[in-house]
Amino acid sequence: MKKKLLSIVLVSAMTLSLVACGSSAVSGVSQDQQGSDAQQTTADTAAETTGEGSGSDLNVMLETPVESLDPQQATDGTSFEVIADYTDGLMQMDADGQAVNALAESVDVADDGLTYTFHIRKDANWSNGEPVTAADFVFAWQRAVDPEVASEYSFMFSDIGQIVNAQDIIDGKKDKAELGVTAVDDKTLEVKLNCPVSYFLSLMYFPTFYPVNEAFFEKCSDNFATSPETTLSNGAFILDEYQPAATAIHLTKNDTYYDADTVKLPGLSYQVIQDSQQALMSYQNGDLDTTLVNGEQVDQVKDDPAFTAIGAGYLWYISPNMRDVKELQNLNIRLALTMALNREAITTDVLKDGSAPTYTGVPMDFAAGPDGSDFSADQKKFEDVCRYDADKAVEYWNKGLEELGATSITLTMIHDADDAPIKVAQVVKEQLETTLPGLTVELQQMPKKERVERMQEADFELGLTRWGPDYADPMTYLGMWITNNPNNYGFWSNAEYDKIISDCTTGEIAMDPEARWAALYDAEKIAMDDAVIFPLYTQCNAELISTNVSGIEFHPVALNRVYKRAVKN
Amino acid sequence: MRKYILKRVVTALFTLLAITLILFILMQLMPGSPFNDEKLNEAQRASLYAKYGLDQPIIIQFFKYVGNMFRGDLGVSYKISKNTPITQLIATRLPISIGVGFAAVLIGAVVGLLLGLLAAFKHDTVWDTLATIISVIGVSVPSYVFALALSYQFGFKLKWFPMLFSAKDVLGSSVLPSISLSMFTMASIARFTRSEMIEVLGSDYMLLAESKGLSGKKLVFSHALRNALIPIITVLAPLVVDLMTGSLVVEKIFSIPGVGSLLVNAIQSNDYNVVIALSFIYSAMYIGIMLVVDIMYGIIDPRIRVAKEGD
Amino acid sequence: MSNESAVLNQNEYIPTDADFVLKKNNADIEVDSNFASQSFWKEVIARFIRKRSAVFGLVFVLIITFFAFVGPGMNAYTYSGQNLEQKNLAPRIPIIEYTGLFDGHENINTTSGTKTVNYYFEKKLPDTFYWFGSDNFGRDIWTRTWSGAQVSLIIAVAAAIIDMIIGMSYGLISGYFGGKVDMVMQRILEIANGIPRLVIVTLLLLVFKPGMITIIIALMLTEWVGMSRIARAEMLKLKEQEFVLASRTLGAGSMHIIFSEILPNIIGPIITQVMFSIPTAIFTEAFLSFVGLGIPVPRCSLGSLISEGFNSFTTHPYQIIPPIIVMALLMLSFNLVADGLREALDPKLKEM
């Protein structure tokens, strides 16, 4: 179902690019990427070129261990980050999150946008001395769509990347050799697409698209990417200390890297710390150069110059189940609930990590329109239906109760058993109960996996959930609320809304960025007027970055942190 | 004796088999699956299920699993460390956990014993009170609070020991976790030793030994201690197992790459194979310890051996 | 005729004082047995009272229990009532505040130096008092500590009592019947015991809806084994004794013998075991809270309060101290009471 959505979106993006960028795909990428740029945060963009990196490693805290260093198997941010430390793709992210040439020296894009020809750098080598060849990409990409490998991110090739035959191979209908990617010669890679994909080059920095050396892979067989000996580097660093699910990972600068001059750090040292108290103390002790800070600890560090809030891209919201819960089918009740929420208090008094209160269905700072402005910059555009107003909330509430013929309502809210959701859920409960007379909110916490399953099966009343953007277009959010989308947790259905979304993807306005933008706004308005979700806030992470460290690049999508240009004095 | 041990080992194996089956059934009941990420669609989930054989009936899964287990194959992890053979995951982690755990038992048993002896011999003096207070704190405060306090005081303030586990300094960085873990064991042993010793010291045979003119040291070690040891071992065995529980939390706090933290992560991410494998190992260790304790009884107290053999 | 009547008269029984009569002394017998049991329990109590530490423990258990049920009602706050305006306030107690202690000031160790603040003044709250301070949601820690103690106590006591009933019955039945029944029951027990406690508890909590009842069931499931072992051992000791034989000869059923004849004789060790399993249950619950499987928010237990306070330990240490102290005292007291009880019930261990 998600696939369908993605392909719809893809088509829309494709049409957008046709209009916007003509034959130059590279400028098309930058156009498409602009939205997300606004959110890129850089610890200190002024990449100081003060001499060669002085002797010591950068010590970084990780919240969770690496799940897999196999680029085609990894799915989580931690794994992506570490893989990207020692592997380059055809493209890499720059400080602003734009795709820039990495292993690819140049790219030729056919005028119809259906064929990409990548010319791989002559000086790109694996750490065992072998050159990086086009065949390495072909091998890796065929693995990614191979049903036997069952890569979770195969949809990056089919739905999002639209590479020829990818879908059929994933479905087992065609052999993986038929994938639309060929090694023309050692250093030339040709990719064929089903239809033009405006952001195709920006996918190239996504680790699922990274190359794997076939000979080396065969040699490692089942143990590929489970130890330093079974990984090959072609990037800024070389992995030299790792074991599966390790709590400590170490990488050393790769001197044979083609761009080794840019790399200032002699090494990179990761430490998994699951207890936030230990993490902060280690930072204070000087054992860490950067660490995540828990909400409670912000009081302790908020005056510190090293303290920063980094955009994480997620929109947190409450989804009401409108299919099975008759109280929540009532619009007045839903409006009352969303108006009774004091989002400001949640972010400033409880989370304290810089998260921003959000009153729109699409979060701020990630999708820029044709004129370059943020789709959700105006947080007051839906203030008739989404704001904090206790009096109005009570008014709607009483009206709703009257319509239902009830005097009191009890609702259960399910949420993840993690730190932030537990806190938010408690405040939400309190805010709703104190504002709305006769309402009781019961909380049920559970592991995330279980919560997702229950929401997808409509086995809930209210659900606290979050969604991270997959690409820089409002559609990554708006597409969720079309009828029968599995992530349309409210089971909401609106014919007009569905029509706008389909018009924006395949219809006439899909060709017209401005009209499409306006139509997307209309769609969002329909959803907001109907209180399909109660948006809460856009997530930020509070971090401490030691003042003698600069140049760590933060991104809300794909590679969360890039250290290639980091400097530690 | 050999026949007895053999019999016990065979029963233990069957018990383990039954435990594995129960774990399988429990896994089946567990809500969620390792593959229900929001970003996955139905078809992908189905293919992942097929890949790992999770689409087959549980009983087939079980027999396959047991079959593989006899060949030393515990399957692969689905989630926390994708496709890594669990044997490989455990190979590096189990020694670390056992090391820290063993250090904790050792510290706990030795210090506990000493404290208990001190309290018993200096009965009703300041020493007794002091030993009692220490042991009381040990049983009253959870180990993760000790972990926090020790790491704050000795790791952060005084910087005597590292706060986090480090492969480069295994010994130094194991000090704080081992001590935090040992507190409960130490306290329990101290209390128990004290009361056992007081009882033994007041017994008739001790009076007899004393009147025979045995010297202090010999009296304590060959008569009193040996008799007090049996009940102490009895309490030590379950304490060792409790230690495993504590280790789950302490490993998380000190970032120790052991099996305890692995198990917690696996449970939270529905990584069935890892949960089953680790639970199995914990069970095997537990049953193993119980077996050893039973055999040790036999060595310390021949009467039990005779009784058990007749069982 | 007269003779006949005389004979008849003679045959007719004339009660005399010298006759044996039914004494109708049921009341006396009961008095007797009452007296007998009273004297046993009296002796136990006397021995218990003689042990100072046990009395101390008992007093603390009572005090904490008292506060656990009365404490939350002693001020206007509720355990879940939030006031984000008044979050993270340090302890402040009327009158005592003039001594300079508990006047609402706190020293915050920030990364850029230590600062002393008194938010009560900064936020202009002259008449606001949080005796133990307030937490990060502006909830009263006094109220939460005691209601947490209440939850912990209820969970622990309920789990201990239920596991006593189940474990005891299981052990008694297994021990009494012996043979094949015993063999099968012991194997089952071995399996149940072989699965690590935390694994079984965690899995149960994931399978069932989290909440107090589930936690109680989970704790009970892991604790009954120890109880049944003790009950079985006692049963093996007692079942060959004369009074059991007598009862059986008189035609008493097995269940009657187990529960009416033997049970009263082993109640001592059982109660001691219950007292020991209460602190274990409190501890286990605390561990569950720490791995995120404890009582669902906003309800709290001592364990969940400690794990909540864990994150602000270096920022606002006063938030973690009350639950730790109450928990430590509770653990200690139950252990002392259990120790005292064991010694009181088992005179062999006395006079140490």
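Points worth noting:
- Qualifying positions in region A:252-275 - under 30 Å from C:Asn311 (Cβ atoms) and buried (at least 21 other Cβ atoms within 10 Å of the Cβ): A:Leu268, A:Tyr270, A:Gln271, A:Val272, A:Ile273, A:Asp275
- Every residue from region C:88-106 that is in contact with a strand residue (DSSP E or B) (Cβ under 7 Å, 6 or more places away or on another chain), at pLDDT below 80, not in a helix (DSSP H, G or I) and not aromatic (Phe, Trp, Tyr): C:Asp103, C:Gly104
Condition check ((1) buried (at least 21 other Cβ atoms within 10 Å of the Cβ); (2) within 18 Å of the chain's Cα centre (by Cα); (3) of a type outside the set (Gly, Ala, Ser)) across all residues:
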| site | (1), (2), (3) |
| --- | --- |
| A:Ala356 | no, yes, no |
| A:Phe366 | yes, yes, yes |
| A:Asp371 | no, no, yes |
| A:Gln379 | no, no, yes |
| A:Arg387 | no, no, yes |
| A:Asp391 | no, no, yes |
| A:Glu395 | no, no, yes |
| A:Lys399 | no, no, yes |
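- Looking only at region A:280-317, and only at residues there that are part of a loop (DSSP other than H, G, I, E, B) and under 23 Å from A:Asp240 (Cα atoms), the one that is nearest to the other protein chains (Cβ to nearest Cβ): A:Asp287
- Within region A:62-89, if we keep just the residues that are in a helix (DSSP H, G or I), out of contact with any Gly (no Cβ under 6 Å at 6 or more places or on another chain) and among the hydroxyl-bearing types (Ser, Thr, Tyr), the residue that is surrounded by the fewest Cβ atoms within 10 Å (Cβ to Cβ) turns out to be A:Thr78.
- Selection status of B:Ala119, more than 25 Å from the chain's Cα centre (by Cα) and more than 23 Å from B:Val250 (Cβ to Cβ): yes
- Counted residues, region A:373-426 - those being β-branched (Val, Ile, Thr), under 15 Å from A:Thr465 (Cα atoms) and not in a strand (DSSP E or B): 2
- Only one entry in C:Leu302, C:Leu345, C:Leu341 is at pLDDT 85 or above and of a type in the set (A, V, I, L, M, F, W, C), namely C:Leu302.
- Failed item in (1) closer than 15 Å to A:Tyr563 by Cα; (2) not in a loop (DSSP other than H, G, I, E, B), with A:Val100 passing the rest: (1)
- Pairs, first away from every other protein chain (no Cβ under 12 Å) in region A:432-449, second among the hydroxyl-bearing types (Ser, Thr, Tyr), C-beta under 6 Å, six or more apart: A:Gly438/A:Thr407; A:Gly438/A:Ser408
- Conditions (1) buried (at least 21 other Cβ atoms within 10 Å of the Cβ); (2) part of a helix (DSSP H, G or I); (3) modelled with pLDDT of 75 or more: number failed by B:Ala224: (3)
- Filtering region A:188-223 to residues that are touching a strand residue (DSSP E or B) at 6+ places or on another chain (Cβ under 7 Å) and either part of a helix (DSSP H, G or I) or among the polar types (S, T, N, Q) (or both) leaves A:Thr188, A:Phe200, A:Leu201, A:Ser202.
- Residue in region A:460-471 that is in a loop (DSSP other than H, G, I, E, B) and within 22 Å of A:Glu344 (Cα to Cα) present: yes
- Qualifying residues in region A:252-279 (those that are of a type in the set (A, V, I, L, M, F, W, C) and touching a residue at least 60 places away in the same chain (Cβ under 8 Å)) - the one farthest from the other protein chains (Cβ to nearest Cβ): A:Val263
- Verdict on A:Asp171 being more than 30 Å from C:Phe290 (Cβ to Cβ) and more than 14 Å from chain B (Cβ to nearest Cβ): no
- Failed item, numbered, when B:Ala43 is tested on (1) farther than 18 Å from B:Gln268 by Cβ; (2) modelled with pLDDT of 80 or more: (2)
- Just one residue in the set B:Gly172, B:Gly138, B:Gly99, B:Gly155 is away from chain C (no Cβ under 14 Å), over 21 Å from B:Leu262 (Cα atoms) and in a helix (DSSP H, G or I); that residue is B:Gly172.
- Boolean, B:Asn68 is closer than 26 Å to A:Gln243 by Cβ, without any contact (Cβ under 8 Å) to a residue 40 or more places away in the chain and touching a strand residue (DSSP E or B) at 6+ places or on another chain (Cβ under 6 Å): no
- Of the helices (runs of 4 or more DSSP H) lying entirely inside region C:135-237, not one carries at least 2 residues that are among the basic types (Lys, Arg) and in contact with a strand residue (DSSP E or B) (Cβ under 6 Å, 6 or more places away or on another chain).
- Whichever residue in region A:332-353 is surrounded by 21 or more Cβ atoms within 10 Å (Cβ to Cβ) and among the small types (Gly, Ala, Ser) and, among such residues, is nearest to the other protein chains (Cβ to nearest Cβ): A:Ala340
- Here C:Thr280 does not fit the description of being within 14 Å of another protein chain (Cβ to nearest Cβ) and within 16 Å of C:Met168 (Cβ to Cβ).
- When region C:72-102 is filtered for residues that are closer than 16 Å to C:Leu125 by Cβ and either more than 14 Å from every other protein chain (Cβ to nearest Cβ) or over 35 Å from the mean Cα position of the chain (by Cα) (or both), the ones remaining, listed by number, are C:Asn75, C:Ala76, C:Leu84, C:Glu85, C:Gln86, C:Pro91, C:Arg92, C:Ile93, C:Pro94, C:Glu97, C:Phe102.
Conditions (1) of a type outside the set (D, E, K, R); (2) farther than 30 Å from B:Ala277 by Cβ; (3) surrounded by fewer than 18 Cβ atoms within 10 Å (Cβ to Cβ), marked per residue:
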| residue | (1), (2), (3) |
| --- | --- |
| C:Asn193 | yes, no, no |
| C:Lys209 | no, no, yes |
| C:Met212 | yes, yes, yes |
| C:Thr222 | yes, no, no |
| C:Met235 | yes, yes, no |
| C:Gly253 | yes, yes, yes |
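- Residue in region C:297-312 that is touching a residue at least 40 places away in the same chain (Cβ under 8 Å), of a type in the set (Lys, Arg) and more than 14 Å from chain A (Cβ to nearest Cβ) present: no
- When residues of region B:122-135 are limited to those that are more than 12 Å from chain C (Cβ to nearest Cβ) and crowded, with 17+ Cβ neighbours inside 10 Å, the one farthest from B:Ile253 (Cα to Cα): B:Ala131
A quick yes/no check of all residues on (1) closer than 19 Å to B:Ser140 by Cα; (2) out of contact with any His (no Cβ under 8 Å at 6 or more places or on another chain); (3) assigned to a helix (DSSP H, G or I):
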residue	(1), (2), (3)
C:Lys42	no, yes, yes
C:Ile45	no, yes, yes
C:Ile49	no, yes, yes
C:Ala54	yes, yes, yes
C:Phe60	yes, yes, yes
C:Thr65	yes, yes, yes
C:Ala68	yes, yes, yes
C:Tyr77	no, yes, no
C:Gly81	no, yes, no
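The values are calculated or read from the model by the stated rules, or taken from the named source; none is laboratory data. From a predicted model like this one, the values you see are computed outputs, not experimental measurements. With ideal geometry, Cβ positions are generated from the backbone for all residues, glycine too; neighbour counts draw on all protein chains shown.
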